[in-house]
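Structure first, then comments.
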Amino acid sequence: MNKPLIRVGVILSIIGLIVSIAVLGRYYITFRSDNTNVNRETLIFIPTSSDYNDVLTILKGSGVLKNIKRFERVARYYNYPEAVKPGCYAIKPGMGNMQIVKMLKLGYQKPVRVTFTGLRTWQQLAQRIAAQLEADSLSLISTFLADSVAFNRGFNPSTFMAMFIPNTYEFYWNTDALGFTNRMQKEFHRFWNENRKQKSEAIGLTPVEVSTLASIVEEETNIKSEMPIIAGVYLNRLRKGIPLQADPTVKFAVGDFTLRRILTRHLQVDSPYNTYKQRGLPPGPIRIPSVVAIDAVLNAHKHSYLFFCAAPDFSGRHLFAQTLAEHNRNAEAYRRALNKEKIFR
């Protein structure tokens with residue numbers, strides 16, 4: 001065999017190998033090697049209606065990538081500019097451009113944890129959710145206050161608040177106001193399982209009525225151990241046909257939860273929520289009741305108390321009474337304490 005030809009063949013093979021290694025190396029660097037500039041999981045948010053240029057602006061602004069040009073080459077290779085999807089995405093250390101682009105193109109979002117509790121008004125709920133999801137507070141409150149939204153889900157504007165069960169839930173960040181509301185409807189039915197329904201029936205209340213009473217109980221105390229006792233007082237009064245005479249419902253009717261002292265003029269307000277003038281439960285919840293308060297009603301203590309009054313030491317605890325005479329003594333002690341501290345409203 002001709003030795004010069006052999007040498008040429010070897011040289012060409014070596015050159016081919018070098019070129020292949022170079023190509024593979026470039027492919028690896030461009031597609032698979034770590035292109036992140038993060039040392040822990042970092043979230044990026046791509047709003048609804050964003051285009052490819054918006055995504056590039058977000059990536060550049062967040063500083064999560066080492067080399068944006070390499071990302072762009074891979075993005076164009078996979079036709080990502082034509083397939084932008086909104087959402088929350090997790091950029092993790094070690095991710096290559098191919099992995100990042102596929103995640104974005106296929107919409108593999110990182111769910112966000114949404115929590116709400118301790119809320120009294122629709123405005124507060126809208127603000128809390130808007131701080132955690134893409135939906136803005138205006139679209140949320142417009143949805144919450146739309147009568148048709150409540151009626152289509154088996155509620156009315158007065159009872160609709162009972163559908164929202166406070167907890168921590170996982171959502172996709174770009175969930176809109178209606179999507180959030182639909183999810184809350186599902187969670188309401190999941191929460192009211194057979195066990196809770198049976199307990200509700202046992203005390204003679206519907207789930208919505210339980211939430212309504214729970215909202216009053218929660219306004220009366222933040223001491224968990226007292227909630228089932230207070231719930232028992234109100235259930236006793238309901239069974240006997242005695243007006244609830246619940247101060248929180250008067251505060252709701254007046255529109256001022258900051259009141260520390262209920263005066264005679266407050267008791268005269270004409271409202272279906274004024275349980276000093278109206279018998280039975282008010283039309284619906286006066287706040288979004290917590291799971292603790294709902295379960296306190298479902299597991300209300302059985303006792304003979306018909307009255308309770310805030311303790312005069314301002315500990316947040318209450319004094320319970322079976323008779324009106326005993327209650328009047330407790331109430332007078334509390335009034336004296338209020339006067340001593342110059343609390344007149």
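From its DSSP helices (H runs of at least four residues, each -39,500 (n - 2.57)), the chain gives a residue-normalised ellipticity at 222 nm of -14500 deg cm²/dmol.
Within 10 Å of each residue's Cβ, count the other Cβ atoms and sort Thr57, Thr143, Thr275 from fewest upward.
In order of increasing Cβ crowding within 10 Å: Thr57, Thr143, Thr275.
Take every pair of alpha-carbon atoms less than 8 Å apart whose residues are at least six positions apart; their mean separation over the length of region 203-340 yields a relative contact order of 30 percent. Extent of region 30-106 along its three principal axes (Cα atoms, max minus min coordinate, largest first): 30, 23, 19 Å.
Taking only complete DSSP H runs, can you tell me which helices of the chain stretch 18 Å or more along their own long axis by Cα positions and average at least 1.6 on the Kyte-Doolittle scale? Sorted by number, the helices that extend far enough and score high enough are 3-27.
The phi-based Karplus calculation (6.51 cos²θ - 1.76 cosθ + 1.60; θ = phi - 60°) puts the 3J(HN,Hα) values of region 79-84 at 6, 5, x, 9, 9, 5 Hz, whole numbers, x for Gly and Pro. Under the Kirkwood approximation for Rh and a Cα-based Rg, what ratio Rg/Rh is obtained for region 115-191? Ratio of gyration radius to Kirkwood radius for region 115-191: 0.91.
Largest first, the extents of the alpha carbon coordinates of the chain on the three principal axes equal 123, 44, 34 Å. In percent, how large is the relative contact order of region 115-191, given Cα pairs closer than 8 Å and 6 or more residues apart? Averaging sequence separation for qualifying contacts and normalising by length gives 34 percent for region 115-191.
How big is the Cα convex hull of region 203-340 in projection, averaged over all directions, in nm²? Walk me through the intermediate numbers first.
Numbers: hull surface 31.0 nm².
So the mean shadow area of the Cα hull is 7.8 nm².
Restricting the calculation to Cα atoms, region 125-272 yields a radius of gyration followed by a Dmax of 17.2, 50 Å. Remark on Phe307: its backbone amide H falls under 5 Å from those of Ala321, a criterion applied only to residues 5 or more positions apart or on other chains, H modelled at 1.01 Å from N.
Read-outs: derived from the displayed coordinates by stated rules, not from any lab. The structure presented is a predicted model; accordingly, all values stated were derived computationally and were not measured. Counting neighbours? That spans all protein chains shown, and the Cβs are built from the backbone with ideal geometry, glycine included.
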